[in-house]
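Data first, discussion second: the structure below is written as structure tokens.
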Amino acid sequence: MAMWIFGYGSLIWKAGFHYDDRLVGFIKGYRRVFYQGSTDHRGTPEYPGRTVTLEPAQGQVCWGVAYKITSKEHQSAALEYLEVREKQYDRKAYFDFFTDPSSVTPALCGVMTYIGSTDKKTNENYLGPAPIEEIAKQIATAEGPSGPNRDYLFHLEKELIKIGCKDDHVIELANEVRQILLKGEVIRS
Ligand code: SIN
């Protein structure tokens, strides 16, 4: 049986594993939020960055992509790779995935995704909400082994436009970070 993986953050533009198909679509009842701390990719333990996780949000949808992996061999390789890459995300969740906003019937069921939960016992890096200026300042400043945190945000913004998704949280944050950079306010304390 084919396995499907839903990506709503960096997985949108960088799968990093072999896949046989890629669908653009959305899951229901969740929104994308920059509430997950990153000390291994886009920040460091001393200065964590922020990456996206999913937050329950009634009536909302989160757009992203679903990757189909057919063979058992490719499935094992993908999971082995993702368990390392997504290791700061403490939950795996399974969703219905829709490709057609006008249809109530999902295109796929049981699409797996990684979530950084709000439980500090299992997700010590969870940061949660903060004023937009604070989140933007953190993103403008943080940098980790995978590169500057702001590149993650700007890349996500670009990829979401490409798949036809207008995500207000991402756009607002990206605009705020651009303002900070324009003003030359990035000073690491
Ligand atoms: C994802 O892309 O689905 C998870 C979050 C990330 O790795 O950016």
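Bear in mind that the values in this text are calculations on the coordinates, not laboratory data. Computed from a predicted model, the values in this text were never measured in an experiment. No Cβ is skipped: glycine too gets one built from the backbone with ideal geometry, and neighbour counts run over all protein chains shown.
A simple charge model with +1 on the Cβ of Lys and Arg, -1 on the Cβ of Asp and Glu and nothing else charged puts the dipole of the range 39-189 at about 160 debye relative to its Cα centre. When the convex hull of its Cα atoms is viewed from all sides, the range 43-101 shows a mean projected area of 5.9 nm².
From helices alone, the chain scores -9000 deg cm²/dmol at 222 nm; the rule is -39500 (n - 2.57) for each run of n ≥ 4 DSSP H residues, then divide by the residue total.
A P(r) calculated from all alpha carbon pairs of the chain, with 5 Å bins opening at zero, reads 1, 8, 16, 20, 21, 16, 10, 5, 2, 1, 0 percent.
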